1. Of everything in the range 91-101, what is closer than 20 Å to Ile153 by Cα and not hydroxyl-bearing (Ser, Thr, Tyr)? Give them in sequence order.
2. So, in the range 274-302, exactly how many residues are part of a helix (DSSP H, G or I), more than 18 Å from Arg334 (Cα to Cα) and either polar (S, T, N, Q) or under 28 Å from the mean Cα position of the chain (by Cα) (or both)?
3. Check Val247 against each of (1) under 27 Å from Glu142 (Cβ atoms); (2) of a type in the set (Val, Ile, Thr); (3) not in a helix (DSSP H, G or I) and name the one condition it does not meet.
4. Going by what's in this entry, would Gly228 be described as under 20 Å from Ala370 (Cβ atoms) and assigned to a helix (DSSP H, G or I)?
5. Can you tell which of Val275, Val227, Val251, Val233 is more than 15 Å from Leu325 (Cα to Cα), surrounded by 14 or more Cβ atoms within 10 Å (Cβ to Cβ) and β-branched (Val, Ile, Thr)?
6. Within the range 303-332, can you find the residues that are polar (S, T, N, Q) and in a loop (DSSP other than H, G, I, E, B)?
7. Could you tell me whether the range 133-140 includes any residue that is of a type in the set (Val, Ile, Thr), surrounded by 17 or more Cβ atoms within 10 Å (Cβ to Cβ) and under 19 Å from the mean Cα position of the chain (by Cα)?
Amino acid sequence: MELVTTFVSRAGDKMSSVRWKFRMTPMRWVFTGIAAAAIAVILVRFVLGLGATTNLNDQWPWGLWISFDVLLGVALAGGGYGTALIVYVLRRDKFYPIARSAMLTSLLGYIVVVLGLLIEVGQWFNFWRPYVSWGHASVLFEVFWCISCYTVIQVLEFCEVATEKVFKGAHKYLKKAMPVMLIIGITLPTLHQSSLGQLFYLMVGKVNPLWWTAFLPVFFLLSSFFVGAGMIVIESTLAGKALNHKVEIPVLRGLIRISAGAMILYLILKITDIVVRGTFANVFAFDLPSILFLCELGFGVLVPIIIAFSSLSSTRKGLIWFGLLSVSGVILNRFDVLFTGMGSYLNQHGGSYFPALTEVIVSLGLVSIACLAYLFIAENFNILGHQESEHADDITIKDGSYASTAK
């Protein structure tokens, strides 16, 4: 499918044409179907409320949408600020080819988070109130504002990419503003990533001792940083199959070793925290929480560290295993903090929760929409393999204006 957009001057002269393309494959049709089903459920939720579309109750006010779309979405979207820090602040130029794809994945992830928050809030039509009602003592208020501001910053950062193809007159101004936007864009995530951990730190006596600790804000921040490399490996692998693009192994190997360094710090702090709080008995109780905790640390942290600093990191399979295990570890951690960590406390008051099919459809639908958006943007803008010296191809000159079809 291909669409040609033509810009016309006030005098009626044709100025430029821009091609938009989007291939429909069987998998993309599947994404489209899931997205359509999710939109239908969301509309029902907006009209009839949470009770008609979820299994949430007074004992379990937070469920799949908060854990998956928000807690997990924010963490997995952390690759954007981490890559920006490495590339633009630390000036590790070898990672420049993955910068744009990582920041695009992060942008789409945060859009999913914002949509998830809008869908999950009981009275969704009051979403605007935190902008005018300053509950500055609330952790959630800070999280709401930081996520909102960071999403706007990411949209502006993407506009610098978009204006290479459309509205080119604004490109030079956005490019000049990029250093400031990057600094803000690196700072804001460190605030709300740690604040999400602070939110559960406030729940003294409600979260299982295996996950409740004064270090929760630090653990949430560190895990959001090191999971970024795993997400980039998975994203680049899938993009390689869908868009015929591959990132060089040395680039990914260097990235996962930086991530593994943060994992080592995370593991040291975890062990120190267990020793100081005296929770060894809980760790090795070998009940369900204990087994999940050990899997989280063993398969989600320790094994990826071994892969990163072994010869396995020089192979595609090793890189993929690093990505899958590190991402799975963070997924398990966020689910454990909310479901396993708070399950015993919430269930003792007579509550129980298991996600409804409609909740699953909405979560999968949001991910499908993000995947379709990524594919469209990657096919039409200069995202994959971008280099500073690289120029767009297929430039057509006419009346002093030009249009380009990105790689």
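None of the figures in this text is laboratory data; all of them are computed from the coordinates on show. Note that the structure is predicted; figures quoted are calculated from it, not measured. When we count neighbours, we look across all protein chains shown, and the Cβ atoms used for this are built from the backbone with ideal geometry, even at glycine.
1. Ile98, Ala99, Arg100, listed by residue number.
2. 1
3. (1) is the only condition that Val247 fails.
4. Here the answer is yes, as Gly228 does meet what is asked.
5. Val251
6. Of everything in the range 303-332, those that are polar (S, T, N, Q) and in a loop (DSSP other than H, G, I, E, B) turn out to be Ser310, Thr315.
7. Looking through the range 133-140, none of the residues is of a type in the set (Val, Ile, Thr), surrounded by 17 or more Cβ atoms within 10 Å (Cβ to Cβ) and under 19 Å from the mean Cα position of the chain (by Cα).
Matching residues to (1) in contact with a Gly (Cβ under 6 Å, 6 or more places away or on another chain); (2) farther than 26 Å from Gly228 by Cα; (3) surrounded by 14 or more Cβ atoms within 10 Å (Cβ to Cβ):
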| site | (1), (2), (3) |
| --- | --- |
| Ile256 | no, no, yes |
| Leu267 | no, no, yes |
| Thr279 | no, yes, yes |
| Leu288 | no, yes, no |
| Leu292 | no, no, yes |
